Amino acid sequence: MTCPFSDFFIEIYFWKLLEASEGLELCFLCVRAEYCGCGLAGRLAEETIRLAVDRGLGFVKSNPTTEATFRVFRKLGFQLIRQMKLADYSDGTEAAFPHAEPDDCVGIAVKYILK
């Protein structure tokens, strides 16, 4: 099976879209369940943005997969470039995410950093 996200990401060229040649990717933004709602995810994302600014990078990109993460990124000014429901994706013969709930999705969120 090929990467289930290859079609999803292939058309997205952030550095062209945002006129930035370098950026930082925030992978797997999550906190332990007992700390949900304490603002930790937002603080982690803010620190990631600060690191990108300090290094003179043009954008921060992430792939939110939960409504809570989508909320964090929206609050911090990220733009949702694209979103895909996992249940809608197949490799042509079978569902790529057979256990996905109907509303489970992944997105591409980008925050452009003005220099």
Karplus 3J(HN,Hα) series, Hz, for the range 73-80 with 6.51 cos²θ - 1.76 cosθ + 1.60 (x for Gly, Pro): 5, 4, 4, 8, x, 6, 9, 7
Cα gyration tensor, the range 15-112 - rounded (a/c under 1.5), prolate or oblate: oblate
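None of the figures in this text is laboratory data; all of them are computed from the coordinates on show. Because the structure is a prediction, the values reported are computed rather than measured.
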